[in-house]
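In what follows, a single structure is set out as structure tokens and then discussed.
Laboratory data are not the source of any read-out in this text; all were calculated from the coordinates shown. Computed from a predicted model, the values in this text were never measured in an experiment. No Cβ is skipped: glycine too gets one built from the backbone with ideal geometry, and neighbour counts run over all protein chains shown.
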Amino acid sequence: LGEQIRQEEAALKQRQEAATAAYHEARKAKTAVGKGQMLLATGAVHQYRGQLAIQGAAGKAELESLRAKAMRQKAEWIAHGARQSNLHGLEQKKRVLESRAERFQARRNAALAAKQENEARKAAAREEMAKTIDEKKARLERTRDGLPTPESLAEARE
């Protein structure tokens, strides 16, 4: 009987050790799978970030090339404008100056005409005033000539 119990205990112990070993093996395998998945995920993340960096560098290079092209075009337009300005600028300046001179001359002529009209009106008013004064003086003289003198009045009283 003791031998039978020892054998049962040994069999139970052996089964327990086998179960524990199987558990540890399964756990080790599961952990290895998890670590493998983590390594794959980490590799995928690194690969994705690498692709993003490559795409970003390509986009940046394209943007810089577009900027350089735009700056070249701007410089070309500025140079073209300078050439055109040198070519046509003197003619344009001359036309602008002539136009200004014409406008200022027209203003001067209008101002001079207004001054002359004003002077003519003043001269006409002075002439009219002088004529009126002369008429009044003449009327006053005629009136005085028609009035008796103080001597004739004195004679008439005597």
From the residues A21, N109, H80, which one has its Cα farthest along the dipole of the chain in the positive direction, the dipole being from +1 and -1 charges on Cβ of Lys/Arg and Asp/Glu about the Cα centre?
A21
Name the lysines eligible as straight-distance cross-link partners of K131: C-alpha to C-alpha under 18 Å, and not fewer than 8 places from it in the same chain.
K122
In nm, to one decimal, how far is the modelled label at L87 from the one at A68, with both set 7 Å along Cα→Cβ?
2.9 nm
Looks like the chain, by Cα gyration tensor root eigenvalues a ≥ b ≥ c and the a/c under 1.5 rounded cutoff (else prolate when a/b is bigger than b/c, oblate otherwise), is oblate
Just to confirm my numbers, what's the Cα centroid distance between region 59-117 and region 1-46 in Å?
90 Å
Those residues of region 133-147 whose amide nitrogen sits under 19 Å from the label point placed on L153, 7 Å along Cα→Cβ
140-147
Each residue of region 56-69 in order: what ³J(HN,Hα) in whole Hz does its phi give by Karplus 6.51 cos²θ - 1.76 cosθ + 1.60, θ = phi - 60°, with x for Gly and Pro?
x, 5, 5, x, 5, 4, 5, 4, 5, 5, 5, 4, 4, 5
Virtual spin-label span in nm between L12 and T42, 7 Å along Cα→Cβ
4.5 nm
So how far apart, in nm, are the two label points at Q51 and A22 if each is 7 Å from Cα heading toward Cβ?
4.3 nm
So how much slack lies between K94 and D145, counting 0.36 nm per residue of separation and subtracting their Cα-Cα distance, in nm?
10.9 nm
